[in-house]
1. Collect the residues in segment 92-132 that are β-branched (Val, Ile, Thr), open to solvent by less than 30 Å² (accessible area, probe 1.4 Å) and not in a loop (DSSP other than H, G, I, E, B), keeping them in residue-number order.
2. Would you check which residues across segment 8-58 are of a type outside the set (A, V, I, L, M, F, W, C) and touching a Cys at 6+ places or on another chain (Cβ under 7 Å) and list them?
3. Scan segment 26-42 for residues that are modelled with pLDDT under 90 and under 27 Å from the mean Cα position of the chain (by Cα) and jot them down.
4. State yes or no: is LEU139 under 15 Å from the mean Cα position of the chain (by Cα), within 30 Å of GLY42 (Cα to Cα) and open to solvent by 40 Å² or more (accessible area, probe 1.4 Å)?
5. Out of all the residues in segment 49-67, which are open to solvent by 30 Å² or more (accessible area, probe 1.4 Å), aliphatic (A, V, I, L, M) and touching a residue at least 40 places away in the same chain (Cβ under 8 Å)?
6. Please determine whether any residue of segment 143-155 is under 16 Å from GLY66 (Cα atoms), open to solvent by 70 Å² or more (accessible area, probe 1.4 Å), outside any helix (DSSP H, G or I) and modelled with pLDDT under 95.
7. Do we have SER133 as in contact with a helix residue (DSSP H, G or I) (Cβ under 8 Å, 6 or more places away or on another chain) and polar (S, T, N, Q) here?
8. Starting from residues that are outside any helix (DSSP H, G or I) and touching a Leu at 6+ places or on another chain (Cβ under 8 Å), keep the ones in segment 4-56 and report whichever is farthest from ALA119 (Cα to Cα).
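The values are calculated or read from the model by the stated rules, or taken from the named source; none is laboratory data. Nothing here was measured: the structure is a model prediction, and the numbers come from that model. Note: ideal-geometry Cβ built from the backbone for every residue, glycine included; neighbour counts use all protein chains shown. Quick note on the areas: whole protein, heavy atoms, side chains included, nothing else; ligands and nucleic acids left out. Shrake-Rupley method; radii C 1.70, N 1.55, O 1.52, S 1.80 Å.
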Amino acid sequence: MRRFLDRLYSASGALAALCLAAICVMMLAQAFGREAGILIRGAEDITAWLCAASAFLAVGHTFRHGELVRVGLWLDMMGTRMRWYAELFALGVTAAFALYMMWAVIRFVYDSWQFDEVAQGLIRIPIWLPQLSFVLGMLIFLIAVLDELIVVLQKKKPAYQVAEEARRASGDFSETV
């Protein structure tokens with residue numbers, strides 16, 4: 001199961017990176033197309049959808065690698081037992097938030113599907129299609145938070161703490177500045 005979850009987080013991060021690369025390609029195509037007199041219809045819409053997809057698909061991967069904003073200095077001052085309680089509390093609140101977000105996002109996309117909502121830009125497609133990246137990204141984030149909650153309940157170090165300690169051990173203090 002661990003290998004599957006790690007692959008899921010890595011695939012999500014890779015998919016987010018592909019979205020960023022696609023944004024770059026789309027913007028370059030627009031720039032060169034403008035010079036050649038070629039109009040790329042709907043490029044702004046596609047770029048916006050890719051931007052949203054890259055943001056939400058990256059959240060689970062980012063969380064697992066300790067790249068999200070946390071109050072690490074405050075946690076480092078706590079003893080082992082207090083830190084464990086603080087991690088449980090933080091992960092519990094985050095899991096509740098992620099679960100609520102998952103419910104809200106699914107309902108949002110379902111409503112778009114139910115009402116046959118169509119994108120307002122030049123590309124007239126059902127808007128729920130690009131919104132699916134929002135659902136997928138939130139689902140992966142929810143899984144990542146629950147995964148870390150289980151790890152902490154087992155009295156093991158969460159992956160984000162292990163990643164942070166590895167960065168510090170290698171002399172990389174860029175996250176703490």
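1. Step one: filter segment 92-132 for residues β-branched (Val, Ile, Thr), giving 93-94, 105-106, 109, 118, 123, 125, 127.
Cutting the leftovers down to open to solvent by less than 30 Å² (accessible area, probe 1.4 Å) gives us 105, 109, 127.
Once the filter is applied, which keeps residues that are β-branched (Val, Ile, Thr), open to solvent by less than 30 Å² (accessible area, probe 1.4 Å) and not in a loop (DSSP other than H, G, I, E, B), segment 92-132 yields VAL105, VAL109.
2. Within segment 8-58, the first condition is being of a type outside the set (A, V, I, L, M, F, W, C), and the residues that meet it are 9-10, 12-13, 30, 33-35, 37, 41-42, 44-45, 47, 54.
Selection gives SER54 alone.
3. GLY42
4. Values: under 15 Å from the mean Cα position of the chain (by Cα): yes; within 30 Å of GLY42 (Cα to Cα): yes; open to solvent by 40 Å² or more (accessible area, probe 1.4 Å): yes.
Yes; evaluated as a whole, the condition is true for this residue.
5. Matches in segment 49-67: ALA52, ALA55, VAL59.
6. So far as segment 143-155 goes, no, none of its residues is under 16 Å from GLY66 (Cα atoms), open to solvent by 70 Å² or more (accessible area, probe 1.4 Å), outside any helix (DSSP H, G or I) and modelled with pLDDT under 95.
7. Working: in contact with a helix residue (DSSP H, G or I) (Cβ under 8 Å, 6 or more places away or on another chain): yes; polar (S, T, N, Q): yes.
Judged against the criteria, SER133 is a match.
8. Within segment 4-56, the first condition is being outside any helix (DSSP H, G or I), and the residues that meet it are 37-42.
Right, trim to touching a Leu at 6+ places or on another chain (Cβ under 8 Å) and you get 41-42.
On the way: ARG41: 14, GLY42: 11 Å.
Among them, the one singled out is ARG41.
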